[in-house]
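Working notes for the structure below.
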């Protein structure tokens, strides 16, 4: 019988998509207020791999990632995903944009071995975590690079996204000069 161990703390990663810079700023500030200061923020990348969100979010979408300095217990992902879903609804109600969903937030976590995303949708490759939330290993880190899976979204296969994830991985390893600490208050 194997011994039961607590999981290693992970970097909380949030992917935010919107056509509005103000929405990305609002979400990033909200996340920093609830989950602690940011350790890294990506550029706002053009999100061109799919038009899946066009009907509810409009066109010319940007996608931005950030990670928080306080490390989290990966078991918190369901509560974090539920919180970010509530923020999406809050922003949509208050912002006055014509789109029904002007902001999309997808939290997950990054470890030295993988990038995991939370979801409200079940699928063959997703595991139920509780509280109506599922998770998938979107990327695995093997042979010194990020490796996609058959279900990995096309944008997560991009070199520029993966370069940012590698920078975050270095922060987690302690090679990025950041001051990452266990903790991560909030939801």
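The values are calculated or read from the model by the stated rules, or taken from the named source; none is laboratory data. Since we're looking at a predicted model, the values are computed, not measured. All Cβ positions, even for glycine, are placed from backbone atoms using ideal geometry, and neighbour counts span all protein chains on display.
Which one of these is under 19 Å from residue 15 (Cα atoms), surrounded by fewer than 19 Cβ atoms within 10 Å (Cβ to Cβ) and at pLDDT 95 or above: 149, 123?
149
Can you report the number of residues in the range 165-180 which are at pLDDT below 50 and within 16 Å of residue 141 (Cβ to Cβ)?
Result for the range 165-180: 1.
Just wondering, is there one or more residues in the range 128-142 that are outside any strand (DSSP E or B) and out of contact with any helix residue (DSSP H, G or I) (no Cβ under 9 Å at 6 or more places or on another chain)?
Checked against the condition, which is being outside any strand (DSSP E or B) and out of contact with any helix residue (DSSP H, G or I) (no Cβ under 9 Å at 6 or more places or on another chain), the range 128-142 yields no hits at all.
From the list 102, 107, pick out the single residue that is in a loop (DSSP other than H, G, I, E, B), in contact with a helix residue (DSSP H, G or I) (Cβ under 6 Å, 6 or more places away or on another chain), touching a residue at least 60 places away in the same chain (Cβ under 8 Å) and crowded, with 18+ Cβ neighbours inside 10 Å.
Just one listed residue meets the conditions, 102.
Does residue 55 fit the bill of being out of contact with any helix residue (DSSP H, G or I) (no Cβ under 9 Å at 6 or more places or on another chain), more than 23 Å from residue 129 (Cβ to Cβ) and not in a loop (DSSP other than H, G, I, E, B)?
yes
For the range 126-164, give me each residue that is free of Cβ contacts under 8 Å to residues at least 12 places away in the same chain, over 13 Å from residue 115 (Cα atoms) and touching a strand residue (DSSP E or B) at 6+ places or on another chain (Cβ under 7 Å).
If the condition is that a residue be free of Cβ contacts under 8 Å to residues at least 12 places away in the same chain, over 13 Å from residue 115 (Cα atoms) and touching a strand residue (DSSP E or B) at 6+ places or on another chain (Cβ under 7 Å), then 126, 127, 128 are the ones that fit.
Hey, can you tell me all the residues within the range 14-26 that are closer than 18 Å to residue 60 by Cα and either in a helix (DSSP H, G or I) or in contact with a helix residue (DSSP H, G or I) (Cβ under 8 Å, 6 or more places away or on another chain) (or both)?
Answer for the range 14-26, where residues must be closer than 18 Å to residue 60 by Cα and either in a helix (DSSP H, G or I) or in contact with a helix residue (DSSP H, G or I) (Cβ under 8 Å, 6 or more places away or on another chain) (or both): 16, 17, 18, 19, 20, 21, 22, 23, 24, 25.
For the range 33-43, give me the residue count where each residue is outside any strand (DSSP E or B) and surrounded by fewer than 17 Cβ atoms within 10 Å (Cβ to Cβ).
Adding up the residues that qualify gives 4.
Please work out if residue 35 is under 18 Å from the mean Cα position of the chain (by Cα) and at pLDDT below 95.
Considered against the rule, which asks whether it is under 18 Å from the mean Cα position of the chain (by Cα) and at pLDDT below 95, residue 35 comes out as no.
Would you please list the contacts, defined by Cβ atoms under 7 Å and residues six or more apart or on different chains, that run from a residue in the range 35-47 that is free of Cβ contacts under 8 Å to residues at least 60 places away in the same chain to a residue that is assigned to a loop (DSSP other than H, G, I, E, B)?
Once the first residue is free of Cβ contacts under 8 Å to residues at least 60 places away in the same chain and sits in the range 35-47, its partners that are assigned to a loop (DSSP other than H, G, I, E, B) give 37/69; 38/69.
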